[in-house]
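Let me begin by presenting the structure, written as C-alpha cells, before commenting on it.
The values are calculated or read from the model by the stated rules, or taken from the named source; none is laboratory data. None of the values given here were measured: they were computed from a predicted structure. Quick reminder, even Gly has a Cβ in these numbers, built from the backbone with ideal geometry, and neighbours come from all protein chains shown. Side chains are part of the model used for accessible areas, which takes the heavy atoms of the whole protein and leaves out ligands, DNA and RNA. Shrake-Rupley method; radii C 1.70, N 1.55, O 1.52, S 1.80 Å.
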Amino acid sequence: MTRLARHRRLALSLTVWWLLITLALWLLGQALDQPAAPTACAASAGLLVAVGEAGDWLRRRWSAYLIERRSRSSSSWR
C-alpha cells in the first residue's frame, strides 16, 4: 500500500468515526431530553476521536517497544 493510499484510508476512517460519534452524541442528547447543538456534538466527537487515536498510537508504540526489547534480551542469551 502506498503512502498516499494509507493516508486516504486513515482520513476516511477518522471521518467516518467522527460522523458516527457525532450522530451518537446528538441522538443520546435527544433521547435524554437534553438536546445539544450539532456543532457541540461535532466538537466533542472530534476530541473523542483525537484521544482515541492518540491512545491507539501509544498502544502500538508500546507493543513494538516490548517486542523489540524481548528480541534483544533473548538474542543476548545465545
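In the range 1-28, the residue that is farthest from the chain's Cα centre (by Cα) out of those that are assigned to a helix (DSSP H, G or I) and of a type in the set (Val, Ile, Thr) is THR22. Against the test of being open to solvent by 60 Å² or more (accessible area, probe 1.4 Å), among the small types (Gly, Ala, Ser) and over 16 Å from the mean Cα position of the chain (by Cα), the options ALA64, ALA31 yield a single qualifying residue, ALA31.
Of the residues making up the range 33-78, those that are more than 13 Å from TRP17 (Cα to Cα) and among the polar types (S, T, N, Q) are GLN34, THR39, SER63, SER71, SER73, SER74, SER75, SER76. Only one of the numbered conditions (1) of a type in the set (S, T, N, Q); (2) part of a helix (DSSP H, G or I); (3) open to solvent by 80 Å² or more (accessible area, probe 1.4 Å) is not met by SER73, and that is (3).
In the set ALA36, ALA54, ALA64, only one residue is among the hydrophobic types (A, V, I, L, M, F, W, C) and part of a loop (DSSP other than H, G, I, E, B); that residue is ALA36. Pairs only if they're at least six apart or on different chains, beta carbon under 9 angstrom, first in the range 11-32 and under 14 Å from GLY52 (Cα atoms), second open to solvent by 90 Å² or more (accessible area, probe 1.4 Å) and of a type outside the set (Ser, Thr, Tyr); list them, first residue then second. Here the result reads TRP17/LEU48; TRP18/LEU48; ILE21/LEU48, each pair linking the range 11-32 to a residue that is open to solvent by 90 Å² or more (accessible area, probe 1.4 Å) and of a type outside the set (Ser, Thr, Tyr).
Per-residue answers, yes or no, for (1) exposed (fewer than 14 other Cβ atoms within 10 Å of the Cβ); (2) more than 20 Å from ASP56 (Cα to Cα); (3) among the aliphatic types (A, V, I, L, M):
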residue	(1), (2), (3)
HIS7	yes, no, no
ALA11	yes, no, yes
LEU14	no, no, yes
LEU19	yes, no, yes
LEU27	yes, yes, yes
ALA42	no, yes, yes
